[in-house]
Every structure is written in structure tokens, then in C-alpha cells.
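Structure, as C-alpha cells:
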Amino acid sequence: MLMYAQTNRQWDGTGMPLPRMARLVTRDIDEVHHHMCKMFCPHDLRIEGGNPPIAFRHHQASLNSVTFNATDYGNPYGRVVVNIPPMEALYLIQVTLAGSAQITHQDKTFELLPGFFCVLDPEARIRQVFGEGYKHFTVKMPKAAVEAVLSQELGFRPGKLHFAAQPVPMKGAAVAFAQLIRMICDDLDNGSSAFGHSRAASAIEQTLQRLLLAAVPHNHTDLFDAPASTPAPYYVRRVEEFINEHVRDPITLDEMISVSGISARSLHAGFRRFRDTTPMNYLKNRRLSLAHRQLQAGADAELSVTEVALDCGFTHLSKFAKDYSERFGELPSATLKRTGSK
């Protein structure tokens, strides 16, 4: 469900978004398959539960490299099954408008209901089963553009970006993300020229990408949510990038000094001045944040505290538990138990 604050109107499935932007209206399932492969990526599409008549509609609008897609397979009964190979270069942000979809990716299966949306991993194989009457809205964003905005915000390249697999409820930053999409689409559908200027369109596009990074948990959330700090010199950023790329690996202070290209004393002084910590404490805090996220998801993955600690680069379990408790106010086992009881 997407809402636009000024009108308080909702995309609730009673009508299709972007009604003046129809790209295909058909009852031919083969034509649907060809069209959707062209619009997104090659994939398998079939109908289960007989061969019912369909009334397919696809509406689409674009803002620079971002495309907005409203889709209704028009299947009154039976199920539509879509198997998508890794898309590599694209993030798909999917919102349910009506009905429900069962989605499997990143080895997780969940139901996507109205009031929630998810980001589909471009490196994963995805299976979607659309129930009867399912309508959805999809935002297509280039992966490279989102990662570039993240690097711009952090001041360095933090490594691969991976969004959490589970659905995100429409609250907080997610509401702002949805409202901006609604405003853009209403404007484009009405033929307004507000986003026709390339500079304006580029700024709005990047705002959408920043709101996505704020709304959906990802493996760099702790860095993205941290207060902006004074721009650090190149050698601090170089070591931060090295740590973020190798956070799970054994890393020594000597390696950090070698990567920085300066003396140990200068490196410590740089981290103290610009990050208010030491290089080794920076590494420890990155590992603790990673462990915290994994423990929060650990119940579903059936992970133990020991497995999470070792995977995040900790070799002394008692010290890990102590540092974790000081950082998050509870033992790692308590985090695992609490999330597992939900």
C-alpha cells in the first residue's frame, strides 16, 4: 500500500497506479511473457491450476535510470509462478497492492502482503508465486547507482551492498520512500514537467536511493545511520575500506599500517582525530555490528552464538560476549533468544 501524504489517497489495489502510462494490455500469456522479459530480464513464467483467462496490465513510467511499474496479471483463479535468475545489475523493490505473493530468495521464503515491501537480491535466484487477484508495484533501480550513493554518503567504498531479505513494513523512512514514489508517479502520469529538467530528475533519483538505504536494513546500515563526521584523510578512508571488505578475516595492525601507507603513529592519530577511536577498535565495532545483525536473524537461520562469533572474526568467545554486552546492553545469547521468540 502506497500513500501520498498531501491527498491521503492510497494505492490499495482498487485502481492501478499510472493509469495513463499503460505499456501492455493483453489476454495472451505468451505476449505477457515476452513483454515482461524485455522490461525486466529473461525469466520463466507459467500459470498453475489450469489455463484460466487472464486480463494482464502493465503500466510504466521512468525517472532517469529508475523505472516505476504497476502490474496486474489479471488472474481470477489459479496461480502465476515466476522464476527469475540472478539479475546482477538491478535492484527490484516490490510492493504488494492487492492479494499476496509467496517469495523465495536468499534461502528464505516469506509472504509479501499489502502494507509491506521488499528488495530482491540481484545475486539470488528468485521464485514468486502470485495468488489470485495479485497486483503489485515494482521500482527498478540500477545496483551500481545505489552503491555509488552509499559510497558518496560514507566517503569511501564499503564493499558489496546486501539488503535484508525479509519484508519491510510501511513505517518510518519506508513511508517517506513510498510517499515520494507516489508523488513522482502522480506527477508523471498527469504529464507535468516538474521532473523534466535533468538536474531536478537526478536529485530526486538520488533522494529515492538514499531513502531506500534508510528504510531497508542492509549490511552497511550501522555506517549509513551513523552521524556524519568530519571528512577523514585518504589514509583513514583507505583503512576503513580495507576493514569493511575483510571484516570477517584475520586482520592485524601491521596490515592496516601497510594499507594506509603511513606510520603507525600517524595512523593512530588520524583515527583518534577523525573517528574518535583506534584502528583496532574500529575493526572490533564493525565486527560487533555484523554479529548483532546476524544474531537478530540467527533464530531463523538456526545459528548458534559460537557460529556467529567465529563467522564475524572473533576467536575469543568470552571476550566477544563481554564486548557485545557492553555495546548492546545484553549478552549475545539474549539477543538470539529474544529474536527467536518473536
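The values are calculated or read from the model by the stated rules, or taken from the named source; none is laboratory data. Here the structure is a predicted model, which means the values were calculated and not measured. Heads up, the Cβs are rebuilt from the backbone with ideal geometry, glycines too, and the neighbour counts pull from every protein chain shown.
Of all residues in the range 1-44, which are at pLDDT 90 or above, aliphatic (A, V, I, L, M) and crowded, with 18+ Cβ neighbours inside 10 Å?
The answer is L18, M21, L24, V32, M36.
I'd like the residue in the range 242-275 that is aromatic (F, W, Y) and farther than 20 Å from K160 by Cα and, out of all such residues, is modelled with the highest pLDDT.
F271
With the structure loaded, tell me whether A299 is among the hydrophobic types (A, V, I, L, M, F, W, C), part of a helix (DSSP H, G or I) and modelled with pLDDT under 85 or whether it fails that test.
Taking the combined requirement at face value, the residue satisfies it.
Would you mind listing the strands (runs of 3 or more DSSP E) fully within the range 115-160 where at least 1 residues are polar (S, T, N, Q), out of contact with any Cys (no Cβ under 7 Å at 6 or more places or on another chain) and in the same structural domain as T67 (by TED's automatic domain parsing)?
Correct list: 126-130, 135-142.
Every residue in the range 121-140 that is of a type in the set (A, V, I, L, M, F, W, C) and surrounded by fewer than 21 Cβ atoms within 10 Å (Cβ to Cβ), please.
A124, I126, V129
Has the range 106-114 got at least one residue that is among the β-branched types (V, I, T) and in contact (Cβ under 8 Å) with a residue 12 or more places away in the chain?
no
Determine which single condition G50 fails, assuming it passes every other condition in (1) farther than 28 Å from K171 by Cβ; (2) modelled with pLDDT of 90 or more; (3) more than 26 Å from the chain's Cα centre (by Cα).
(2)
Would you check if Q166 is outside any loop (DSSP other than H, G, I, E, B) and either surrounded by fewer than 18 Cβ atoms within 10 Å (Cβ to Cβ) or in the same structural domain as S260 (by TED's automatic domain parsing) (or both)?
No; evaluated as a whole, the condition is false for this residue.
I'd like to verify a number: residues in the range 199-250 that are farther than 23 Å from L120 by Cα, without any contact (Cβ under 8 Å) to a residue 12 or more places away in the chain and outside any loop (DSSP other than H, G, I, E, B), how many?
4
Applying the selection to the range 79-114, what residues are of a type in the set (G, A, S) and part of a strand (DSSP E or B)?
A98, A101
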